[in-house]
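Derivation of every value follows stated rules applied to the coordinates shown; laboratory data play no part. Fair warning: this is a prediction, and the values are worked out from it, not measured in the lab.
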Amino acid sequence: MLSNCKVLGEGVDICAVDSVALLDPKGSAVDIVQAIGRALRQKPDEGKPATLVVPVFLGPDKKPTDMMTAASYKPLVKGLRAHDEQAVET
């Protein structure tokens with residue numbers, strides 16, 4: 001099922017979500033945290049994987065490793081950090 005991310009916002013509890021695609025620019029770290037949290041939420045002892053799809057657009061003078069420090073990706077990095085600091089640093 002494909003849905004608008006607003007459906008995955010605050011106050012929604014859907015354990016069946018296993019992936020989130022952030023295809024439009026998001027300026028709110030809260031919206032990002034909420035959407036990612038829906039994919040990460042699982043029933044106890046379920047251990048399901050979650051997939052996060054994020055398109056990366058960088059100028060010709062940039063490297064993919066520059067994404068995590070690019071100003072346009074700051075809300076995403078902040079949202080990811082709220083869920084998994086170690087993954088962001090890796």
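Couplings 3J(HN,Hα) of region 75-88, computed from phi: x, 5, 4, 4, x, 5, 4, 4, 9, 7, 4, 5, 4, 5 Hz, in residue order, whole Hz [Karplus 6.51 cos²θ - 1.76 cosθ + 1.60, θ = phi - 60°; x for Gly and Pro]. Taking amide H as placed 1.01 Å from N in the peptide plane, Ala21 has its amide H under 5 Å from the amide H of Val53, each at least 5 places away in sequence or on another chain.
Its Cα gyration tensor gives region 5-89 an equivalent ellipsoid; the semi-axes, largest first and in whole Å, are 25, 14, 11. The tail of the calculated P(r) for region 46-90, taken as Cα-Cα distances beyond 18 Å, holds 34 percent of the pairs.
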